[in-house]
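Working notes for the structure below.
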Amino acid sequence: MSTVGLQKITKAFPDGTVAVDNVSLDVRDGEVMVLLGPSGCGKSTLLRIIAGLEDPTTGQLLLDGEPALDIPPRDRHVAMVFQDYALYPQLTVAGNIAFPLRLAGVSVEEQSERVADVAAALGIGELLNRKPSQLSGGQRQRVAMGRAIVRRPRLFLMDEPLSSLDSGLRAELRAEISSMVRDLGATTVYVTHDQAEALTVADRIAIMRRGVLQDVGTPAEVYGRPATMYVAALLGTPKINLLEAVVHVYDGSRVALRIGEQELNVPWDDLRARALAHYHGERIVVGLRAEALVAGGHELRGRVRYVEHHGHESLAYLDIGAFAVVIDDPTGPVTAPKLDRGFLARFRKRPDVQTVATTPEGRHTRRRAELAVRLGAAPDLQPGAPMGIGVHMDRVHFFDWAGARIDVGWR
Ligand SMILES: Nc1ncnc2c1ncn2[C@@H]1O[C@H](COP(=O)(O)OP(=O)(O)OP(=O)(O)O)[C@@H](O)[C@H]1O
Ligand SMILES: [Mg+2]
(Lines give C-alpha, C1' and ligand atoms only; values in the text may rest on other atoms or scores of the structure.)
(Ligands and ions follow the chains in the order given, each with its own letter.)
Protein backbone atom coordinates (compact mmCIF):
# COMPACT_ATOMS: atom_id res chain seq x y z
CA MET A 1 0.00 0.00 0.00
CA SER A 2 1.58 3.21 -1.07
CA THR A 3 0.96 6.51 -2.73
CA VAL A 4 3.46 9.04 -4.08
CA GLY A 5 2.88 12.76 -4.21
CA LEU A 6 5.25 15.01 -6.13
CA GLN A 7 4.57 18.67 -5.40
CA LYS A 8 6.25 21.29 -7.57
CA ILE A 9 9.49 19.34 -7.73
CA THR A 10 12.42 21.11 -9.38
CA LYS A 11 15.92 19.72 -9.65
CA ALA A 12 18.73 21.97 -10.81
CA PHE A 13 22.21 20.46 -10.83
CA PRO A 14 25.21 22.57 -9.77
CA ASP A 15 26.24 23.05 -13.41
CA GLY A 16 22.90 24.78 -14.06
CA THR A 17 21.12 21.89 -15.81
CA VAL A 18 17.45 21.92 -14.83
CA ALA A 19 16.64 18.22 -15.04
CA VAL A 20 13.16 18.44 -13.52
CA ASP A 21 11.13 21.61 -13.81
CA ASN A 22 8.20 22.21 -11.42
CA VAL A 23 6.64 18.75 -11.72
CA SER A 24 3.49 17.92 -9.75
CA LEU A 25 2.13 14.40 -10.03
CA ASP A 26 0.15 12.01 -7.86
CA VAL A 27 0.59 8.25 -8.08
CA ARG A 28 -2.34 6.36 -6.59
CA ASP A 29 -2.19 3.26 -4.46
CA GLY A 30 -1.61 0.16 -6.59
CA GLU A 31 -1.27 2.16 -9.77
CA VAL A 32 1.31 1.62 -12.52
CA MET A 33 2.45 5.10 -13.51
CA VAL A 34 4.75 5.26 -16.53
CA LEU A 35 7.11 8.21 -16.99
CA LEU A 36 7.58 8.57 -20.72
CA GLY A 37 9.88 10.92 -22.56
CA PRO A 38 13.02 11.19 -24.66
CA SER A 39 16.52 10.71 -23.34
CA GLY A 40 17.56 13.48 -20.97
CA CYS A 41 14.01 14.66 -20.14
CA GLY A 42 14.48 13.99 -16.41
CA LYS A 43 12.80 10.61 -15.89
CA SER A 44 15.63 8.98 -13.94
CA THR A 45 16.21 12.10 -11.89
CA LEU A 46 12.57 12.09 -10.81
CA LEU A 47 12.78 8.39 -9.93
CA ARG A 48 15.95 8.95 -7.93
CA ILE A 49 14.25 11.75 -6.01
CA ILE A 50 11.42 9.37 -5.05
CA ALA A 51 13.96 6.74 -3.98
CA GLY A 52 15.89 9.28 -1.93
CA LEU A 53 19.06 8.99 -4.00
CA GLU A 54 18.78 12.62 -5.04
CA ASP A 55 17.32 15.66 -3.25
CA PRO A 56 15.13 18.10 -5.15
CA THR A 57 16.23 21.73 -5.26
CA THR A 58 12.69 22.83 -4.38
CA GLY A 59 9.37 21.11 -3.89
CA GLN A 60 7.97 18.42 -1.63
CA LEU A 61 7.72 14.64 -1.84
CA LEU A 62 4.92 12.80 -0.04
CA LEU A 63 4.92 9.06 0.55
CA ASP A 64 1.58 7.78 1.83
CA GLY A 65 0.61 11.40 2.34
CA GLU A 66 3.54 12.21 4.65
CA PRO A 67 6.47 14.51 3.83
CA ALA A 68 9.27 12.10 2.97
CA LEU A 69 12.34 14.12 1.99
CA ASP A 70 13.91 13.59 5.41
CA ILE A 71 13.37 9.83 5.38
CA PRO A 72 16.62 8.02 4.52
CA PRO A 73 16.44 5.86 1.36
CA ARG A 74 16.50 2.51 3.15
CA ASP A 75 13.50 3.47 5.30
CA ARG A 76 11.33 4.41 2.31
CA HIS A 77 10.43 0.74 1.58
CA VAL A 78 11.12 1.30 -2.06
CA ALA A 79 12.64 -1.23 -4.46
CA MET A 80 14.41 -0.06 -7.57
CA VAL A 81 15.10 -2.06 -10.72
CA PHE A 82 17.56 -0.47 -13.08
CA GLN A 83 18.36 -0.95 -16.73
CA ASP A 84 21.89 -2.03 -15.92
CA TYR A 85 20.94 -4.33 -13.05
CA ALA A 86 23.98 -6.23 -11.86
CA LEU A 87 23.65 -9.75 -10.52
CA TYR A 88 26.38 -11.22 -8.36
CA PRO A 89 28.13 -13.60 -10.77
CA GLN A 90 29.49 -15.86 -8.02
CA LEU A 91 26.07 -16.38 -6.39
CA THR A 92 23.35 -18.71 -7.63
CA VAL A 93 19.92 -17.44 -8.66
CA ALA A 94 18.67 -18.31 -5.17
CA GLY A 95 21.62 -16.51 -3.59
CA ASN A 96 21.02 -13.43 -5.71
CA ILE A 97 17.33 -13.24 -4.86
CA ALA A 98 17.98 -13.92 -1.15
CA PHE A 99 20.72 -11.29 -0.95
CA PRO A 100 18.65 -8.38 0.41
CA LEU A 101 17.00 -10.71 2.94
CA ARG A 102 20.39 -11.85 4.17
CA LEU A 103 21.41 -8.22 4.62
CA ALA A 104 18.22 -7.61 6.56
CA GLY A 105 18.99 -10.51 8.90
CA VAL A 106 16.02 -12.67 7.87
CA SER A 107 16.31 -16.29 9.09
CA VAL A 108 17.64 -18.90 6.65
CA GLU A 109 14.35 -20.83 6.63
CA GLU A 110 12.31 -17.74 5.85
CA GLN A 111 14.83 -16.72 3.20
CA SER A 112 14.43 -19.97 1.28
CA GLU A 113 10.66 -19.92 1.63
CA ARG A 114 10.35 -16.38 0.25
CA VAL A 115 12.87 -17.02 -2.49
CA ALA A 116 10.94 -20.10 -3.61
CA ASP A 117 7.67 -18.12 -3.67
CA VAL A 118 9.09 -15.26 -5.69
CA ALA A 119 10.95 -17.54 -8.09
CA ALA A 120 7.78 -19.54 -8.73
CA ALA A 121 5.83 -16.33 -9.39
CA LEU A 122 8.45 -15.26 -11.93
CA GLY A 123 8.65 -18.65 -13.64
CA ILE A 124 12.28 -19.22 -12.68
CA GLY A 125 11.68 -21.85 -9.96
CA GLU A 126 13.68 -24.42 -11.93
CA LEU A 127 16.72 -22.19 -12.18
CA LEU A 128 17.50 -21.54 -8.53
CA ASN A 129 20.84 -23.36 -8.54
CA ARG A 130 22.20 -21.82 -11.72
CA LYS A 131 24.74 -19.03 -11.91
CA PRO A 132 23.86 -15.80 -13.81
CA SER A 133 26.27 -16.74 -16.62
CA GLN A 134 24.07 -19.78 -17.33
CA LEU A 135 20.93 -17.69 -17.88
CA SER A 136 19.38 -15.91 -20.87
CA GLY A 137 18.95 -12.12 -20.78
CA GLY A 138 15.26 -12.45 -19.99
CA GLN A 139 15.93 -14.90 -17.16
CA ARG A 140 18.56 -12.61 -15.69
CA GLN A 141 16.11 -9.73 -15.79
CA ARG A 142 13.60 -11.89 -13.90
CA VAL A 143 16.20 -12.62 -11.22
CA ALA A 144 16.80 -8.89 -10.85
CA MET A 145 13.05 -8.37 -10.50
CA GLY A 146 12.90 -11.20 -7.97
CA ARG A 147 15.60 -9.58 -5.90
CA ALA A 148 13.52 -6.39 -5.82
CA ILE A 149 10.20 -8.09 -5.07
CA VAL A 150 11.48 -10.39 -2.34
CA ARG A 151 11.73 -7.47 0.09
CA ARG A 152 7.98 -6.88 -0.34
CA PRO A 153 8.43 -3.20 -1.07
CA ARG A 154 5.56 -0.76 -0.89
CA LEU A 155 6.72 0.91 -4.02
CA PHE A 156 8.49 -0.31 -7.15
CA LEU A 157 10.65 2.05 -9.12
CA MET A 158 11.71 0.62 -12.46
CA ASP A 159 14.09 2.50 -14.71
CA GLU A 160 14.01 1.12 -18.26
CA PRO A 161 14.09 -2.44 -16.90
CA LEU A 162 13.82 -4.00 -20.35
CA SER A 163 15.99 -1.76 -22.49
CA SER A 164 18.92 -4.18 -22.62
CA LEU A 165 16.75 -6.95 -24.10
CA ASP A 166 15.93 -7.64 -27.73
CA SER A 167 12.52 -6.56 -28.98
CA GLY A 168 10.76 -9.95 -28.91
CA LEU A 169 11.77 -10.56 -25.32
CA ARG A 170 10.85 -7.00 -24.38
CA ALA A 171 7.30 -7.46 -25.63
CA GLU A 172 6.95 -10.75 -23.76
CA LEU A 173 8.43 -9.46 -20.49
CA ARG A 174 6.56 -6.17 -20.48
CA ALA A 175 3.26 -8.06 -20.49
CA GLU A 176 4.57 -10.22 -17.65
CA ILE A 177 5.85 -7.31 -15.59
CA SER A 178 2.59 -5.53 -16.07
CA SER A 179 0.52 -8.48 -14.83
CA MET A 180 2.97 -9.28 -12.04
CA VAL A 181 2.97 -5.84 -10.44
CA ARG A 182 -0.82 -5.87 -10.63
CA ASP A 183 -0.98 -9.27 -8.92
CA LEU A 184 1.25 -7.93 -6.18
CA GLY A 185 -0.89 -4.81 -5.93
CA ALA A 186 2.32 -2.81 -5.65
CA THR A 187 2.36 0.84 -6.62
CA THR A 188 4.83 1.17 -9.48
CA VAL A 189 6.60 4.03 -11.21
CA TYR A 190 7.99 2.72 -14.48
CA VAL A 191 10.34 4.73 -16.67
CA THR A 192 10.66 4.22 -20.42
CA HIS A 193 11.33 6.19 -23.57
CA ASP A 194 9.40 3.64 -25.66
CA GLN A 195 5.86 4.85 -26.36
CA ALA A 196 4.55 1.41 -27.30
CA GLU A 197 5.86 0.01 -24.02
CA ALA A 198 4.27 2.89 -22.11
CA LEU A 199 0.88 2.32 -23.75
CA THR A 200 0.90 -1.42 -22.87
CA VAL A 201 2.26 -1.29 -19.31
CA ALA A 202 0.62 1.84 -17.86
CA ASP A 203 -2.50 2.52 -15.89
CA ARG A 204 -1.59 6.15 -16.46
CA ILE A 205 1.22 7.79 -18.41
CA ALA A 206 3.04 10.98 -17.47
CA ILE A 207 4.76 12.48 -20.50
CA MET A 208 7.84 14.62 -19.91
CA ARG A 209 9.89 16.85 -22.12
CA ARG A 210 12.93 18.84 -21.03
CA GLY A 211 12.06 18.37 -17.37
CA VAL A 212 8.50 19.64 -17.86
CA LEU A 213 5.41 17.48 -17.43
CA GLN A 214 3.38 17.76 -20.63
CA ASP A 215 0.38 15.54 -20.02
CA VAL A 216 -0.93 12.88 -17.61
CA GLY A 217 -3.69 10.36 -18.23
CA THR A 218 -4.69 6.82 -19.08
CA PRO A 219 -3.23 5.49 -22.33
CA ALA A 220 -6.62 6.11 -23.99
CA GLU A 221 -6.78 9.68 -22.66
CA VAL A 222 -3.30 10.84 -23.66
CA TYR A 223 -3.57 9.13 -27.04
CA GLY A 224 -7.11 10.24 -27.76
CA ARG A 225 -6.84 13.77 -26.40
CA PRO A 226 -3.18 14.80 -26.29
CA ALA A 227 -2.62 18.06 -24.39
CA THR A 228 0.14 19.22 -26.70
CA MET A 229 1.37 18.69 -30.23
CA TYR A 230 4.45 17.09 -28.75
CA VAL A 231 2.40 14.41 -26.95
CA ALA A 232 0.47 13.75 -30.15
CA ALA A 233 3.73 13.34 -32.07
CA LEU A 234 5.21 11.02 -29.47
CA LEU A 235 2.34 8.51 -29.24
CA GLY A 236 1.17 6.06 -31.88
CA THR A 237 2.30 4.28 -35.04
CA PRO A 238 2.25 5.41 -37.78
CA LYS A 239 3.13 8.89 -36.54
CA ILE A 240 0.42 11.51 -36.53
CA ASN A 241 0.39 13.94 -39.47
CA LEU A 242 0.76 17.48 -38.15
CA LEU A 243 -0.37 19.77 -40.96
CA GLU A 244 0.03 23.51 -41.20
CA ALA A 245 -3.35 25.15 -41.71
CA VAL A 246 -4.74 28.68 -41.80
CA VAL A 247 -8.11 29.27 -40.19
CA HIS A 248 -10.83 31.05 -42.14
CA VAL A 249 -14.26 31.85 -40.71
CA TYR A 250 -17.11 32.18 -43.22
CA ASP A 251 -19.57 34.70 -41.71
CA GLY A 252 -20.36 32.66 -38.63
CA SER A 253 -21.62 29.67 -40.60
CA ARG A 254 -18.59 27.42 -40.75
CA VAL A 255 -14.89 27.37 -40.13
CA ALA A 256 -12.56 26.26 -42.89
CA LEU A 257 -9.02 25.10 -42.38
CA ARG A 258 -6.89 25.95 -45.39
CA ILE A 259 -4.46 23.12 -45.82
CA GLY A 260 -2.29 23.86 -48.82
CA GLU A 261 -4.70 24.54 -51.67
CA GLN A 262 -7.53 22.61 -50.04
CA GLU A 263 -10.13 23.42 -47.41
CA LEU A 264 -11.25 21.17 -44.59
CA ASN A 265 -14.59 22.29 -43.17
CA VAL A 266 -15.43 22.32 -39.49
CA PRO A 267 -19.22 22.68 -39.25
CA TRP A 268 -20.52 25.29 -36.82
CA ASP A 269 -22.29 22.61 -34.75
CA ASP A 270 -18.90 21.06 -33.95
CA LEU A 271 -18.29 22.67 -30.55
CA ARG A 272 -14.64 23.20 -31.37
CA ALA A 273 -15.55 25.52 -34.24
CA ARG A 274 -16.07 28.39 -31.76
CA ALA A 275 -12.62 27.89 -30.30
CA LEU A 276 -11.10 27.68 -33.77
CA ALA A 277 -12.90 30.85 -34.88
CA HIS A 278 -10.67 32.87 -32.53
CA TYR A 279 -7.80 32.00 -34.87
CA HIS A 280 -9.32 33.59 -37.96
CA GLY A 281 -6.45 34.43 -40.32
CA GLU A 282 -3.90 32.65 -38.14
CA ARG A 283 -1.79 29.59 -38.64
CA ILE A 284 -2.54 26.50 -36.57
CA VAL A 285 -1.62 22.80 -36.69
CA VAL A 286 -4.13 20.10 -37.65
CA GLY A 287 -3.31 16.62 -36.33
CA LEU A 288 -4.54 13.74 -38.51
CA ARG A 289 -3.85 10.19 -37.42
CA ALA A 290 -4.35 7.34 -39.91
CA GLU A 291 -7.53 6.32 -38.05
CA ALA A 292 -9.07 9.72 -38.74
CA LEU A 293 -8.79 9.08 -42.47
CA VAL A 294 -10.60 6.79 -44.91
CA ALA A 295 -9.54 6.09 -48.44
CA GLY A 296 -12.22 6.99 -50.95
CA GLY A 297 -13.92 9.93 -49.22
CA HIS A 298 -14.23 13.48 -50.50
CA GLU A 299 -12.98 15.84 -47.75
CA LEU A 300 -9.44 15.97 -49.10
CA ARG A 301 -7.75 14.96 -52.34
CA GLY A 302 -4.30 13.53 -52.73
CA ARG A 303 -1.94 11.56 -54.90
CA VAL A 304 -0.23 8.37 -53.88
CA ARG A 305 3.49 8.85 -53.34
CA TYR A 306 4.23 5.32 -52.19
CA VAL A 307 2.65 2.33 -50.48
CA GLU A 308 4.15 0.56 -47.50
CA HIS A 309 3.17 -3.09 -47.03
CA HIS A 310 2.77 -4.47 -43.53
CA GLY A 311 1.29 -7.88 -44.32
CA HIS A 312 -2.13 -7.60 -42.69
CA GLU A 313 -2.55 -4.04 -43.95
CA SER A 314 -0.75 -1.42 -45.95
CA LEU A 315 -0.26 2.29 -45.61
CA ALA A 316 -0.56 4.68 -48.52
CA TYR A 317 1.40 7.90 -48.17
CA LEU A 318 -0.34 10.68 -50.03
CA ASP A 319 0.80 14.06 -51.23
CA ILE A 320 -2.02 16.52 -50.56
CA GLY A 321 -0.07 19.66 -51.41
CA ALA A 322 0.31 20.62 -47.77
CA PHE A 323 3.14 21.20 -45.36
CA ALA A 324 3.71 19.22 -42.21
CA VAL A 325 5.29 20.44 -39.00
CA VAL A 326 7.82 17.93 -37.78
CA ILE A 327 8.92 18.41 -34.19
CA ASP A 328 12.65 18.12 -34.24
CA ASP A 329 13.47 14.72 -32.96
CA PRO A 330 10.71 14.16 -30.39
CA THR A 331 12.36 10.96 -29.22
CA GLY A 332 16.00 11.94 -29.56
CA PRO A 333 18.24 13.43 -26.92
CA VAL A 334 17.31 17.05 -26.25
CA THR A 335 20.86 17.93 -25.39
CA ALA A 336 22.33 16.79 -28.71
CA PRO A 337 23.22 19.50 -31.21
CA LYS A 338 20.42 19.95 -33.71
CA LEU A 339 21.04 18.88 -37.27
CA ASP A 340 20.04 21.34 -39.91
CA ARG A 341 17.60 19.13 -41.74
CA GLY A 342 17.18 21.70 -44.46
CA PHE A 343 20.87 21.34 -45.15
CA LEU A 344 20.67 17.56 -45.01
CA ALA A 345 17.75 17.61 -47.40
CA ARG A 346 19.57 19.82 -49.88
CA PHE A 347 22.53 17.55 -49.49
CA ARG A 348 20.36 14.57 -50.36
CA LYS A 349 18.68 16.58 -53.11
CA ARG A 350 15.23 16.23 -51.59
CA PRO A 351 13.40 19.34 -52.67
CA ASP A 352 10.37 18.62 -50.48
CA VAL A 353 11.94 20.00 -47.32
CA GLN A 354 11.23 23.69 -47.71
CA THR A 355 12.33 25.64 -44.72
CA VAL A 356 12.85 25.54 -41.02
CA ALA A 357 10.23 27.20 -38.85
CA THR A 358 10.67 28.16 -35.23
CA THR A 359 7.82 28.01 -32.75
CA PRO A 360 7.88 28.19 -28.95
CA GLU A 361 7.75 24.39 -28.97
CA GLY A 362 11.20 24.40 -30.46
CA ARG A 363 12.70 24.38 -33.88
CA HIS A 364 10.61 22.58 -36.43
CA THR A 365 11.24 21.30 -39.84
CA ARG A 366 8.48 22.18 -42.24
CA ARG A 367 8.20 19.76 -45.05
CA ARG A 368 5.83 18.51 -47.67
CA ALA A 369 3.24 16.40 -45.88
CA GLU A 370 2.84 12.73 -46.61
CA LEU A 371 -0.53 11.75 -45.25
CA ALA A 372 -0.65 8.14 -44.00
CA VAL A 373 -3.90 6.36 -44.91
CA ARG A 374 -4.62 2.73 -43.94
CA LEU A 375 -5.61 0.33 -46.69
CA GLY A 376 -6.23 -3.40 -47.06
CA ALA A 377 -3.51 -6.00 -47.32
CA ALA A 378 -2.64 -5.74 -51.02
CA PRO A 379 -4.07 -2.60 -52.61
CA ASP A 380 -3.79 -2.21 -56.35
CA LEU A 381 -2.30 1.28 -56.33
CA GLN A 382 0.44 2.87 -58.35
CA PRO A 383 2.41 5.94 -57.32
CA GLY A 384 0.78 9.02 -58.76
CA ALA A 385 -2.75 7.60 -58.57
CA PRO A 386 -5.31 10.17 -57.34
CA MET A 387 -7.27 9.38 -54.19
CA GLY A 388 -10.15 11.02 -52.36
CA ILE A 389 -9.81 10.98 -48.57
CA GLY A 390 -12.61 10.99 -46.04
CA VAL A 391 -11.95 12.63 -42.66
CA HIS A 392 -13.61 11.70 -39.35
CA MET A 393 -13.75 15.21 -37.91
CA ASP A 394 -14.28 13.93 -34.36
CA ARG A 395 -10.85 12.28 -34.50
CA VAL A 396 -9.00 15.36 -35.71
CA HIS A 397 -6.77 17.27 -33.27
CA PHE A 398 -6.16 21.02 -33.37
CA PHE A 399 -3.12 22.75 -31.87
CA ASP A 400 -2.12 26.39 -31.76
CA TRP A 401 1.19 27.38 -33.28
CA ALA A 402 2.81 27.10 -29.85
CA GLY A 403 1.74 23.45 -29.70
CA ALA A 404 -1.10 23.63 -27.14
CA ARG A 405 -4.38 21.85 -27.82
CA ILE A 406 -7.26 23.98 -29.11
CA ASP A 407 -10.46 22.57 -27.78
CA VAL A 408 -13.97 23.18 -26.55
CA GLY A 409 -13.93 26.02 -24.07
CA TRP A 410 -10.43 27.09 -24.97
CA ARG A 411 -9.61 30.79 -24.52
N1 LIG B 1 24.69 14.82 -11.76
C2 LIG B 1 24.30 15.57 -12.81
N3 LIG B 1 24.86 16.76 -13.06
C4 LIG B 1 24.46 17.54 -14.07
N5 LIG B 1 23.47 17.19 -14.94
C6 LIG B 1 22.89 16.01 -14.75
C7 LIG B 1 23.26 15.12 -13.69
N8 LIG B 1 22.48 14.02 -13.76
C9 LIG B 1 21.67 14.20 -14.82
N10 LIG B 1 21.90 15.40 -15.42
C11 LIG B 1 21.20 15.97 -16.57
O12 LIG B 1 19.83 16.11 -16.25
C13 LIG B 1 19.03 15.82 -17.37
C14 LIG B 1 18.05 14.71 -17.03
O15 LIG B 1 18.77 13.51 -16.81
P16 LIG B 1 18.02 12.13 -16.53
O17 LIG B 1 19.07 11.12 -16.26
O18 LIG B 1 17.00 12.33 -15.48
O19 LIG B 1 17.32 11.87 -17.93
P20 LIG B 1 16.49 10.60 -18.43
O21 LIG B 1 15.15 11.12 -18.84
O22 LIG B 1 16.52 9.53 -17.41
O23 LIG B 1 17.28 10.17 -19.74
P24 LIG B 1 17.64 8.69 -20.30
O25 LIG B 1 16.39 8.22 -21.02
O26 LIG B 1 18.76 8.96 -21.25
O27 LIG B 1 18.03 7.82 -19.14
C28 LIG B 1 19.98 15.49 -18.50
O29 LIG B 1 20.16 16.63 -19.27
C30 LIG B 1 21.25 15.09 -17.78
O31 LIG B 1 22.38 15.34 -18.58
MG1 LIG C 1 17.37 7.60 -17.38
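The values are calculated or read from the model by the stated rules, or taken from the named source; none is laboratory data. No experiment lies behind these values; they were computed from the predicted model shown. Glycine also receives a Cβ, built like all others from the backbone with ideal geometry; neighbour counts cover every protein chain displayed. Only protein heavy atoms, including side chains, enter the accessible area calculation; ligands, DNA and RNA are left aside. Shrake-Rupley method; radii C 1.70, N 1.55, O 1.52, S 1.80 Å.
Take every Cα pair under 8 Å whose residues are at least 6 apart in sequence, average their separation, divide by the length of the chain, and the relative contact order is 16 percent. Treating r as the C-beta distance of LEU62 and ASN265 and R0 as 51 Å, the FRET efficiency rounds to 0.55.
Residues in region 305-321 carry Karplus couplings, in order, of 8, 7, 10, 10, 9, 10, x, 6, 8, 9, 10, 9, 9, 10, 8, 10, x Hz; the curve used is 6.51 cos²θ - 1.76 cosθ + 1.60 with θ = phi - 60°, and Gly or Pro positions show x. Taking 0.890 mPa s as the viscosity and 25 °C as the temperature, the Stokes-Einstein diffusion coefficient of the chain based on its alpha-carbon Kirkwood radius rounds to 103 µm²/s.
Helix 93-103 and the longest principal axis of the C-alpha atoms of the chain enclose an angle of approximately 70°. Rolling a 1.4 angstrom probe over the chain with all protein chains present gives an accessible area of which 51% lies on carbon and sulfur atoms.
Mean-square fluctuations from a GNM of the chain, with a 10 angstrom spring cutoff on Cα atoms, peak among ARG225, ARG174, ARG130 at ARG130. Based on every Cα atom in region 176-296, Rg and the maximum pairwise Cα distance Dmax equal 18.3, 59 Å. Applying a DSSP loop filter and a limit of 13 other Cβ atoms within 10 Å to the GluC sites (Glu not before Pro) in region 273-323 leaves GLU282. Only helices enter the 222 nm calculation for the chain: every DSSP H run of n ≥ 4 contributes -39,500 (n - 2.57), and dividing by all residues gives -7000 deg cm²/dmol, rounded to 500. Heavy atoms of the protein chains alone define the surface here; on that basis the chain has 46 Å² accessible area per residue at 1.4 Å probe size. Find out how many positive minus negative residues lie around GLU54, taking Lys and Arg as positive, Asp and Glu as negative, among other residues whose Cβ is under 10 Å from that of GLU54. Cβ neighbours under 10 Å give a net charge of +1. Since only ILE97, MET80, GLN111 are under comparison, the one whose Cα sits farthest along the positive direction of the charge dipole of region 72-129, derived from C-beta charges on Lys, Arg, Asp and Glu, is MET80. Amide hydrogen proximity for ALA324: with H placed 1.01 Å from N in the peptide plane, the residues at 5 or more positions away or on another chain lying under 5 Å are GLU244, ARG367, ARG368, ALA369. Given R0 = 35 Å, the distance between the Cβ atoms of LEU91 and ALA196 translates into a calculated FRET efficiency of 0.55.
The listed peptides 71-82, 157-168, 183-194, ordered by packing as a protection proxy, come out as 183-194, 157-168, 71-82 (highest mean of other Cβ atoms within 10 Å first).
Report D for region 66-145 in µm² per second (integer): Stokes-Einstein, Kirkwood Rh on Cα pairs, 4 °C, 1.567 mPa s. In µm²/s, the coefficient rounds to 95. Highest-first packing order for the peptide set 92-103, 213-224 is 92-103, 213-224, based on the mean count of other beta carbon atoms within 10 Å. One Cα centroid belongs to region 108-183, the other to region 1-71; the line between them spans 25 Å. Within the set of other residues whose C-beta is less than 14 Å from the C-beta of GLY30, count the net charge using Lys and Arg as +1 and Asp and Glu as -1. That works out to -2. Applying a DSSP loop filter and a limit of 15 other Cβ atoms within 10 Å to the trypsin sites (Lys or Arg not before Pro) in region 18-49 leaves ARG28. Using C-alpha pairs under 8 Å with a sequence gap of at least 6, the mean separation divided by the residue count of region 4-226 gives a relative contact order of 30 percent.
Spatially close Lys pairs in the chain, defined by Cα atoms under 25 Å apart and a spacing of eight or more places or different chains, total 8.
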